[in-house]
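Right, one structure below, let's go through it.
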Amino acid sequence: MATSSDHNNTIDATDIAIIGAGPAGSIAAGLLRQYGHSVTVLEHQHFPRFSVGESLLPQCMEFIRQAGMQESVEAAGFRFKNGAAFACHDKTGQFDFTHKFSAGDGTIFQVERDKFDQILADGAASQGADIRYGHKVLAVTTDTNGASIEVAAEGGQTYSLHARYLLDASGFGRVLPRLLDLELPSTMPSRTSLFTHIEDNIIEGAFDRDKISIHIHPQQCNVWFWLIPFQGRCSVGVVAEDSFFQRYAHLEPKERLQTIIAEVPTLSELLTKSRFDTEIRQISGYACDVKNLYGNSYALLGNAGEFLDPVFSSGVTIAMKSAALIAPLVDQHLKGKPVDWQQEYATQLKHGVNTFRTYVEAFYDGRLQKIIFSDTQPHDIRAMISSILAGYAWDKSNPLVAKPEARLNAIYELCNAS
Ligand SMILES: Cc1cc2nc3c(=O)[nH]c(=O)nc-3n(C[C@H](O)[C@H](O)[C@H](O)COP(=O)(O)OP(=O)(O)OC[C@H]3O[C@@H](n4cnc5c(N)ncnc54)[C@H](O)[C@@H]3O)c2cc1C
């Protein structure tokens, strides 16, 4: 096991180093400890820390359970979630995740990420992962024997860590994509999100607090809002292409967000008594991709690989899925057994990511919105869509996952004809 008492100019060694203690890093750490390997997690920040990405999908529960963290997540008192509700002008569409095609959990939670990420990281630490908060990865070299990592600890100390295998779970920090020249521009347009937490004061029963509420701008179908209920408070945010925000540039962030919300009656009528009492945050240009998800003695997890778009809350699910796929492969590799990283990791992961991609693109070009707001779909088709929205984007027994684009277009034609 690595030692971490005094890192100044010393060389540590570990079986697996993980950059970042977000959901991808902590789930990977927990799973890899189950194989008995030493795991060192290098986390730049101190927890608890804020993170965007609060609406989970039920598919996550499988990975949380596998990593031995179900009990602590369930005990935390997070807000129950069983679906997604969409609204645009006078149209509404609801998806109940318990009525889905795929087997598996149909419910999950909406989580304050500072608390949630801390629980996962504590879960990994309790299984023996060495989590080093305040340790920032500065430089990396890799070859077939492993990775050498230059780390800055607090107080100006730096040290080297040698790992037999390196996982980059650094999220939007994108450590290996930057250091190893792996960046690839995303095919998604650059979007911006403005968001905050509010004391919502929404009248009891005015909306279903068991669902994430997605509101679409009545005049611009590619501008949408989330309302994610917690216990007593809500997360609220708007997403649009960068250019949309230019006409509000003269406003202070709080007034900017409130002005944009006021354009959307389905949302603003819910929030008439809300108090915007927390810092307004903005994030731009978050869609990203990489040339390759793996290389000599390393692989990329979660957002360090690809991030598509927040609209279907798929980010944490993809992050956890990548961790669940990689853990047994790293174990095999460390035991000297051959691994086909392309087939067993990249292709597997990409299948679900590409399913989400089809749905994200169809949401913004309006095809999926037509389907969501149609009340003529047969029950089984709605259950198949529900499965994807619940995160089961890798379940190839679902015809909509097996052939996402072709089947989605067929449903769209059906809805258009009716
Ligand atoms: C506007 C918006 C809304 C979103 N909403 C949702 C949602 O509702 N549901 C959902 O599932 N997803 C959502 N997402 C996506 C979600 O935020 C991410 O997909 C998810 O957090 C990715 O997890 P991760 O573990 O890959 O990375 P992260 O959670 O980002 O964790 C990465 C960690 O790495 C650390 N790190 C970075 N650089 C270094 C370094 N050099 N050295 C050491 N440590 C480092 C960071 O401090 C951080 O703790 C949203 C994204 C956006 C942009």
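Quick look at the numbers
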read-out	value
Measure of compaction for region 75-145 (Cα Rg per 2.2 N^0.38 Å)	1.77
In sequence order, calculated HN-Hα J values of region 181-188 (Karplus, 6.51, -1.76, 1.60; Hz; x Gly/Pro)	6, 9, 4, 9, x, 6, 7, 6
Stretch gain in nm, segment Lys254-Asn292, where the contour uses 0.36 nm per residue and the Cα spacing is subtracted	9.7 nm
Accessible-area value, Leu31, 1.4 Å probe, nucleic acids and ligands omitted, Å²	10
Per-residue ³J(HN,Hα) for region 117-123, Karplus 6.51 cos²θ - 1.76 cosθ + 1.60, θ = phi - 60°, Hz, x for Gly and Pro	5, 5, 4, 5, 5, 5, x
Label-point separation in nm, Phe172 to Ser268, each point 7 Å along Cα→Cβ	2.7
Pairwise Cα inverse-distance average, inverted: Kirkwood Rh of region 41-180 (Å)	17.8
Restraint check, Lys273/Lys370; Lys291/Lys321; Lys211/Lys291; Lys100/Lys335; Lys81/Lys403, Cα-Cα greater than 30 Å	Lys273/Lys370; Lys211/Lys291; Lys100/Lys335
Listed residues Ser186, His379, Asn145: farthest to the positive end of the dipole of the chain (Cβ charges)	His379
Heavy-atom accessible area order for Asp208, Asp289, largest first, 1.4 Å probe	Asp208, Asp289
Whole-Å semi-axes of the ellipsoid equivalent to region 365-417 (Cα gyration tensor, √5λ, descending)	18, 11, 10
Per residue accessible area in Å² of the chain, where ligands, DNA and RNA are left out and the probe is 1.4 Å	40
Sites Leu138 and Lys91 - FRET efficiency at Förster radius 35 Å, r taken between beta-carbons, to 0.05	0.10
With DNA, RNA and ligands ignored, accessible area of Leu349 (1.4 Å probe; Å², nearest 10)	10
The chain - mean residue ellipticity at 222 nm from DSSP helices (-39,500 (n - 2.57) per run, n ≥ 4, rounded to 500)	-9000 deg cm²/dmol
Percent of C-alpha pairs per 20 Å bin, the chain, short to long	27, 56, 17, 0
Added length on full extension, which subtracts the Cα-Cα distance from 0.36 nm per residue, Lys370 to Ala75	102.3 nm
Region 191-284 - percent relative contact order, Cα under 8 Å, separation 6 or more	45
Accessible area of region 191-284 belonging to carbon and sulfur atoms, whole % at 1.4 Å probe	47
Beta bridges per DSSP with both ends in the chain, % antiparallel, nearest 5	70
Carbon plus sulfur fraction of accessible area for region 365-417, probe 1.4 Å, in percent	55
0 to 90° range, to nearest 10: angle between helix 348-364 axis and the chain longest Cα axis	30
Tail weight of P(r) past 15 Å, computed on alpha-carbon pairs of region 316-418, percent	65
Cα gyration tensor category, rounded, prolate or oblate, for region 191-284 with a/c compared to 1.5	prolate
Spin-label pair Glu241/Tyr35, simplified geometry with 7 Å Cα→Cβ offset, distance in nm	4.4
Net length gained if the chain between Ala206 and Lys335 were fully extended (0.36 nm per residue, minus Cα distance)	40.8 nm
Positive-pole candidate from Ile214, Tyr364, Phe47, dipole of the chain, charges at beta carbon	Tyr364
Surface accessible to a 1.4 Å probe, His333 within the full protein complex, Å²	60
Intensity falloff of region 261-303 expressed as log10 I(q)/I(0), Debye formula with alpha-carbon point scatterers, at q = 0.15, 0.17, 0.21, 0.27 Å⁻¹	-0.66, -0.71, -0.84, -1.02
Most to least accessible of Asp122, Asp168 (protein chains only, probe 1.4 Å)	Asp122, Asp168
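The values are calculated or read from the model by the stated rules, or taken from the named source; none is laboratory data. Source: prediction; values computed, not measured. FYI the Cβ positions are ideal-geometry reconstructions off the backbone, even for glycines, and counts take in every protein chain you see. Ligands, DNA and RNA are excluded from the accessible area calculation, which covers all protein heavy atoms including side chains. Shrake-Rupley method; radii C 1.70, N 1.55, O 1.52, S 1.80 Å.
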